1. Being surrounded by 15 or more Cβ atoms within 10 Å (Cβ to Cβ) and closer than 20 Å to LEU143 by Cβ is the filter here, so list the residues in the range 69-99 that pass it.
2. Quick one: which helices (runs of 4 or more DSSP H) sit completely within the range 216-320 and have at least 3 residues that are farther than 17 Å from GLU48 by Cβ?
3. Which of the residues spanning the range 227-250 are in contact (Cβ under 8 Å) with a residue 24 or more places away in the chain and within 11 Å of the ligand (Cβ to nearest atom)?
4. Out of SER196, SER241, report the one residue that is farther than 23 Å from SER42 by Cα, of a type in the set (Gly, Ala, Ser) and out of contact with any helix residue (DSSP H, G or I) (no Cβ under 7 Å at 6 or more places or on another chain).
5. Quick one: which of SER196, SER144, SER200 is closer than 30 Å to VAL3 by Cα, modelled with pLDDT under 95 and of a type in the set (Ser, Thr, Tyr)?
6. Out of curiosity, is SER2 in contact with a helix residue (DSSP H, G or I) (Cβ under 6 Å, 6 or more places away or on another chain), crowded, with 19+ Cβ neighbours inside 10 Å and polar (S, T, N, Q)?
7. Just name the residue that is farthest from the ligand (Cβ to nearest atom) out of those in the range 54-70 that are under 20 Å from ARG109 (Cα atoms) and either in contact with a helix residue (DSSP H, G or I) (Cβ under 7 Å, 6 or more places away or on another chain) or of a type in the set (A, V, I, L, M, F, W, C) (or both).
8. Restricting the search to the range 1-32, which residues are assigned to a loop (DSSP other than H, G, I, E, B) and not charged (D, E, K, R)?
Amino acid sequence: MSVLRLYAVGMKLLLYQLIHRPFISPVLPDQHGKVAIVTGGSRGIGYEIVKRLINLGMHVIIASHDEHQGLVVMERLHKECAEAHVDFEFVDLASQSSVRDFVRRFKERKLPLHLLINNGGVMLVPEQKSDDGLELHFSINYLSHFLLTRLLLDSLVHSGTEECSRVISICSSAHYVSDRNLQDFHRTQDYCPHASYARSKLAQLLFTYRLHQELRSGGYAVTVNAVDPGMVDTQLYRYMSFPEKLVLKPVAWLLFRTPAQAADTVLYAAASQDFEGVSSCYVHEGKPVKSSPASYDAELQDELWRNTCRMLRLPVSINK
Ligand SMILES: NC(=O)c1ccc[n+]([C@@H]2O[C@H](COP(=O)([O-])OP(=O)(O)OC[C@H]3O[C@@H](n4cnc5c(N)ncnc54)[C@H](OP(=O)(O)O)[C@@H]3O)[C@@H](O)[C@H]2O)c1
């Protein structure tokens, strides 16, 4: 059932992409002196985001787990732009201790943090557990980004002075088909990777909206938004079955956005003046759009927030 619903959402999106031209971001302001962290920044959409941020003058930290790919990418970026201010830092988003370790190393550097892009992710992975024994989509796409954001909030708050610091999570229209059963992530019977991916993206969105409430009530100069990049031709689809891939290849070539086109919307939300002070939006093709009714359910947001804090041994309030 989840499979069919997910494919229906995909078809609708492809139709949209057939009819509409990709969003093109206006010229963005210079970002010299600012620091960004991009998870999963060494390939796909993340890589294009990193490239664009560097060109705007930002110091970018790529947080990924493939160290070889990280080195290849760093070399390429330095070749393309001699002044590129970019570092690679290892983080395995399937491990809470790796995320904590990444944050500890970042804080030792005493750098400011103006932008956090929660981009790293996996899709349709066969049933697998993270280092912490949790379902992999839940762990990589949602839980680690929750932990990362919470542990980096003090740096973001501290750096949000003249302008707000920004948190952007790369979500997906897959969230529209997620059920509300977020307690059911770790079930082993009838495991469905499609349902798991959709739930992880709904969880990311519930987190975005709930975090906004916390930040607003604390009066912090940090905004938090979610971006839907559309359907993009990347390695995210590598876990699809062989027949699915055969069908997908020509469709992707014809109708998918390129990673560079997807990065345009992300950059617009991450760096444009139009998004200064704008928070709690679900952005698609440069515009805030409505996300699923479940994502606005305050009770569901609260329940997930509290359960996640308990799971990660974090205080419920961000002020503690
Ligand atoms: N492509 C689409 O059509 C589409 C649509 C909607 C939403 N999105 C979202 O866009 C984001 C980026 O996806 P993409 O399409 O660019 O896919 P991708 O090319 O497969 O890139 C995924 C990135 O996530 C990183 N990653 C995966 N597992 C990790 C782990 N355990 N620890 C650290 N990093 C890990 C990878 O790092 P390594 O390079 O180190 O392996 C890679 O850089 C994802 O959140 C995805 O859900 C994509």
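1. Across the range 69-99, the qualifying residues are GLU89, PHE90, VAL91, ASP92, LEU93, ALA94, SER95, GLN96, SER98, VAL99.
2. Values: elements: 242-255, 259-271, 298-312.
Ranges flagged: 242-255, 298-312.
3. Of everything in the range 227-250, those that are in contact (Cβ under 8 Å) with a residue 24 or more places away in the chain and within 11 Å of the ligand (Cβ to nearest atom) turn out to be VAL227, ASP228, PRO229, GLY230, MET231, VAL232, ASP233, THR234, GLN235, LEU236, TYR237, TYR239.
4. Numbers: SER196 fails: out of contact with any helix residue (DSSP H, G or I) (no Cβ under 7 Å at 6 or more places or on another chain).
Being farther than 23 Å from SER42 by Cα, of a type in the set (Gly, Ala, Ser) and out of contact with any helix residue (DSSP H, G or I) (no Cβ under 7 Å at 6 or more places or on another chain) holds for just one of SER196, SER241, which is SER241.
5. Exactly one residue qualifies, and that residue is SER196.
6. Answer is no for this residue.
7. Out of the qualifying residues, it is MET58.
8. Listed by number, the residues that qualify are MET1, HIS20, PRO22, PHE23, ILE24, SER25, PRO26, VAL27, LEU28, PRO29, GLN31, HIS32.
The values are calculated or read from the model by the stated rules, or taken from the named source; none is laboratory data. These numbers come from a predicted model, not from an experiment. All Cβ positions, glycine included, derive from the backbone under ideal geometry; neighbour counts span all protein chains shown.
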